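Report on the following structure.
The values are calculated or read from the model by the stated rules, or taken from the named source; none is laboratory data. All values derive from a computational prediction rather than experimental measurement. Virtual Cβ from ideal backbone geometry, glycine too; neighbours counted across all protein chains shown. Calculation scope for accessible area: heavy atoms of the full protein, side chains included, ligands and nucleic acids excluded. Shrake-Rupley method; radii C 1.70, N 1.55, O 1.52, S 1.80 Å.
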Amino acid sequence: MADTPLAKLDIPSVRVAIVGFGKMGQLHLKALRNLPEVDVIAAVDPDPARRVIADALDIASLPTLDDLMGAVDAAIVATPSDPHASIAIELLNRGVDCLVEKPIALDPNEARLMLDAAAGAAVLAVGQSERFNNGLDRALEVMEGIGGDVTVLRTARPGADDSPADVIQDLMVHDLDWVLRREGDCTPALKVTALQHVAGRLVGATCWLRFATRSYQVTARYDAAAPERTVTLHPIGQPPRSFSLRHDSSGSNADPLTRQAIAFLAHRRGLPSAICTGEEALQVLELTERLRQICRLTEPMELRLESYPL
């Protein structure tokens, strides 16, 4: 099990529910079971097949939140993106601390309502798990000592065609979070240099973000081939240096979701933590909306698809 500061404190176990027990919910369960101070007591999902999986994993399976209230201290919200706000607000209003999968919501107004519900009542954090990726840690450490720009490539296999989230909200949001966190509270110049749509859905984009001393070219796209997550530094006068975010060669025994869970538990206790707060997630969401607006305004003849093949 992962060694955590909270495990050494004389405190009651944290009773946690997982809301949404698909792939991500089951990955969160695996991470939480690494932590001795956590007691995962229930999975909430309307899908009977997923509740069968929960029963087989020896946790209570519930069809609705109504059956859960009063039984937990915290919840992982791992549903599809569109109900994040309604689920989290219901939990937060009842004093349940929430770690919501990224993106926090699909609409900044919904995210603001989530923050309002959390204010003074409960903790709201967001699952930007790349903050806990050892590959990204190494890239950022090297970046501190060199100048030059950065390119980022993130691909994933296509998700459900009926998903309301596009490629910026679903994939690029990972990298927008760490870029904003590194560059601080400032507004970058933005440009969209490539787009790809399938059946009216945005499935690929290359966006350029210019800060005071560095620019980032961030590409995200759905791809049927093997997923890729790479950060490449381009120091002036030196060869490029690439860092994979997919494979951890550091020897760490804690995967990003476990490290994130540890950070969430620390945050809800008021301890220092790198977890993405609701306020930070709102800033990222507002940036995704600015980029999506540029995508809507960009005319096809302005795209340089031959230079940025998707």
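Observations on the structure shown:
- Inter-label distance for residue 241 and residue 297, nm, one decimal - labels placed 7 Å from Cα along Cα-to-Cβ: 3.7 nm
- Cβ-Cβ FRET estimate between residue 60 and residue 232, R0 fixed at 45 Å, reported to 0.05: 0.50
- Which of 296, 269 is most accessible, then next, and so on - probe 1.4 Å: 296, 269
- Note on residue 190 and residue 149: the extension gain reaches 13.3 nm, defined as 0.36 nm multiplied by sequence separation minus the Cα-Cα distance.
- Under a model in which nothing but the beta-carbon of Lys, Arg (+1) and Asp, Glu (-1) is charged, the range 103-157 shows a dipole of about 200 debye around its Cα centre.
- Remark: the residue 119-residue 225 segment gains 33.9 nm on full extension, using 0.36 nm per residue and subtracting the alpha carbon distance.
- 84, 197, 267, 174, reordered so the largest accessible area comes first (probe 1.4 Å): 197, 267, 174, 84
- Cβ-based charge dipole, the chain, positive-most Cα from 103, 148, 20: 148
- Solvent exposure, largest accessible area first (probe 1.4 Å, DNA, RNA and ligands not counted), of 155, 277, 64, 187: 187, 64, 277, 155
- When the solvent-accessible area of the chain is split by element, carbon and sulfur atoms take up 51 percent of it, the probe being 1.4 Å.
- Only protein heavy atoms count here; on that basis, with a 1.4 Å probe, residue 195 has an accessible area of about 10 Å².
- Theoretical gain in end-to-end length, residue 15 to residue 183 [0.36 nm per residue, Cα-Cα removed]: 56.9 nm
- Only the Cβ atoms of Lys and Arg (+1) and of Asp and Glu (-1) were treated as charged; on that basis the dipole of the chain about its Cα centre amounts to roughly 720 debye.
- (i) 24.7; (ii) 20.3; (iii) 21.2, with the label sought being that of the calculated Kirkwood radius over Cα pairs in Å: (ii)
- Rg/Rh for the range 159-213, where both radii come from Cα atoms and Rh is the Kirkwood radius: 1.04
- The lysine pair count for the chain, using Cα distances under 28 Å and pairs eight or more places apart or on different chains, is 4.
- Taking 7 Å steps out from each Cα toward its Cβ at residue 82 and residue 94 produces label points 2.4 nm apart.
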